[in-house]
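Okay, structure first, notes after.
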Amino acid sequence: MPISKERKEELVAQLKELLEDCNGFAVVSAVGLSVQKTQSLRKKIYDAGGQYVVTKNTLIRIALEQMGWAVPKDALAGPTAIIFGNDSFPAVAKAITEFLKSEDFGEKLMIKGGVMGQNEILRAVDVEAVSNLPTLPEMQAQIIGLIVAPSRNLVTILQNANSGAVNVLQAWLDKDGAA
């Protein structure tokens, strides 16, 4: 059944809202996947800070063009679903790849490509590579560790200097007391 022009405009507006809130998305082929597996995938993606949306390729292409995003034309062929990375695209990409590795889906579920940061078109292998990147909280922890390390080293040096001076004084006192 054809979709009315008004409904298409509503759907494009919804897709544009999703694009405003995301920092990347993956395009997957999900043909013949059971309802239970699809719900499980949706939950895993939602828990990772993403959103799973089934849409017409033409509508997502229009939304991407209107928002100034790169259009992964090769990935937008055939039945597709879009997985938006709202909080952290690497975390969502990791959730997708872990779900794919959990069992053999064959042709029923596979990554076709994606876009990261509005203008970088990704192939399927690139999405998998992004899944190996640290998530935002992991990067924040690494940066904090780098910032704190020099001060921690300075405190350790000062403590060792103080304990060394105390040990020398104690040895001198012990020597004088024994004499």
**Q.** In order through the range 33-45: 3J(HN,Hα) via Karplus (6.51 cos²θ - 1.76 cosθ + 1.60), integer Hz, x for Gly, Pro
**A.** 6, 5, 4, 4, 5, 5, 5, 5, 5, 4, 5, 4, 5
(Q) Suppose a student asked you for the relative contact order of the chain, using Cα pairs under 8 Å spaced at least 6 residues apart; what percent would you report? (A) 26
(Q) Given an 8 Å cut-off on Cα distances and at least 6 residues of separation, report the relative contact order of the range 33-86 as a percent. (A) 45
Q) What list of ³J(HN,Hα) couplings, whole Hz, do you get for the range 95-110 from phi and the Karplus terms 6.51, -1.76, 1.60, once you set θ to phi - 60° and write x for glycine and proline? A) 5, 5, 5, 5, 5, 5, 7, 5, 7, 7, 8, x, 7, 5, 9, 8
**Q.** Proximal lysine pairs, the chain, alpha carbons under 14 Å, eight or more residues apart or interchain
**A.** 11
Q) Taking only DSSP H segments of four or more residues, each worth -39500 (n - 2.57), what value at 222 nm results for the chain once the sum is divided by all its residues, to the nearest 500 deg cm²/dmol? A) -20000 deg cm²/dmol
Q.
For Rg and Dmax of the Cα atoms in Å, one of (i) 18.2, 51; (ii) 26.8, 106; (iii) 18.5, 57 was computed from the structure I shared and the rest are decoys. Which label?
A. (ii)
Q: Could you let me know the centre-to-centre spacing of the range 68-100 and the range 35-56, using Cα atoms, in angstrom?
A: 11
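The numbers here are math on the coordinates, done by the rules we state, and not lab data. These numbers come from a predicted model, not from an experiment.
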